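The values are calculated or read from the model by the stated rules, or taken from the named source; none is laboratory data. Computed from a prediction, not measured in an experiment: that's the story for all the values here. Backbone-built Cβ (ideal geometry, glycine too); neighbour counts: all protein chains shown. Ligands, DNA and RNA are stripped out before the accessible areas are found, and what is left, the full protein with its side chains, is counted by its heavy atoms. Shrake-Rupley method; radii C 1.70, N 1.55, O 1.52, S 1.80 Å.
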Amino acid sequence: MSQIEYADFDRVEMRVGRILSAEPLQGARKPAYKLSVDFGEMGTRWSSAQVTALYQAEELVGRLVVAVTNFPPKRIAGFMSEVLVLGAPNERGEVVLLTPTHDVPLGGRIF
């Protein structure tokens with residue numbers, strides 16, 4: 001594993017948001033949801049998330065998530081994904097969302 005400098009890590013903005021809505025992303029090669037995520041004063045951003053194996057759309061609403069907010073937008077199946085919601089694979093390769101264990105302010109920076 002290669003090492004990076006702290007300044008490299010500091011350039012990545014990871015922030016806490018709350019999912020406002022989730023619905024299937026039609027036309028995606030792999031099953032995904034399009035998520036509307038509230039980042040407080042930063043506003044609402046859209047994300048495509050391949051988390052359909054472990055989460056139903058309705059159970060995602062209201063959940064706190066961690067996302068990278070300073071990547072350039074990416075078009076996925078005709079949908080513009082503005083942030084990257086973070087997760088880790090379980091033993092079957094299914095994505096488990098990263099989420100704070102306590103309430104924190106929306107838009108709070110991860111460090």
Open to solvent by 90 Å² or more (accessible area, probe 1.4 Å), modelled with pLDDT of 95 or more and of a type in the set (D, E, K, R): is that true of ARG15 in this structure?
no
Which of the residues that make up region 10-42 are in a loop (DSSP other than H, G, I, E, B), in contact with a Ser or Thr (Cβ under 6 Å, 6 or more places away or on another chain) and under 23 Å from ARG109 (Cβ atoms)?
GLU13
Selection over region 20-42 where residues are open to solvent by less than 50 Å² (accessible area, probe 1.4 Å) and under 17 Å from LYS74 (Cβ atoms) yields a count of 7
Residue pairs qualifying under the 6 Å Cβ cut-off, at least six apart or on distinct chains, with the first in region 72-96 being within 12 Å of LEU54 (Cα to Cα) and the second being in a loop (DSSP other than H, G, I, E, B) and of a type in the set (A, V, I, L, M), are GLY87/LEU98; GLU94/ALA53; GLU94/LEU54; VAL95/VAL51
From (1) farther than 25 Å from PHE9 by Cα; (2) in contact with a Ser or Thr (Cβ under 9 Å, 6 or more places away or on another chain), pick out the condition that doesn't hold for TYR55.
(2)
Scan region 56-74 and tell me whether some residue there is more than 19 Å from PRO100 (Cα to Cα) and of a type in the set (Val, Ile, Thr).
no
Which residue is farthest from ASP38 (Cα to Cα), if the candidates are limited to region 74-89 and must be modelled with pLDDT of 95 or more and loosely packed, with under 11 Cβ neighbours inside 10 Å?
PRO89
Flagged in region 43-67 as more than 15 Å from GLY87 (Cβ to Cβ) and either open to solvent by less than 40 Å² (accessible area, probe 1.4 Å) or touching a residue at least 24 places away in the same chain (Cβ under 8 Å) (or both), in numbering order, are GLY43, THR44, ARG45, TRP46, ALA57, GLU58, VAL61, GLY62
Among the listed residues ARG45, ARG92, identify the single one that is of a type in the set (Lys, Arg), part of a loop (DSSP other than H, G, I, E, B) and at pLDDT 95 or above.
ARG92
Looking at region 27-40, I want the residues that are touching a residue at least 12 places away in the same chain (Cβ under 8 Å) and over 15 Å from ARG15 (Cβ atoms) and have a partner that is open to solvent by 70 Å² or more (accessible area, probe 1.4 Å) and part of a loop (DSSP other than H, G, I, E, B) with Cβ atoms under 6 Å, at least 6 apart or on another chain. Which pairs are those?
LYS30/GLN50; ALA32/GLN50
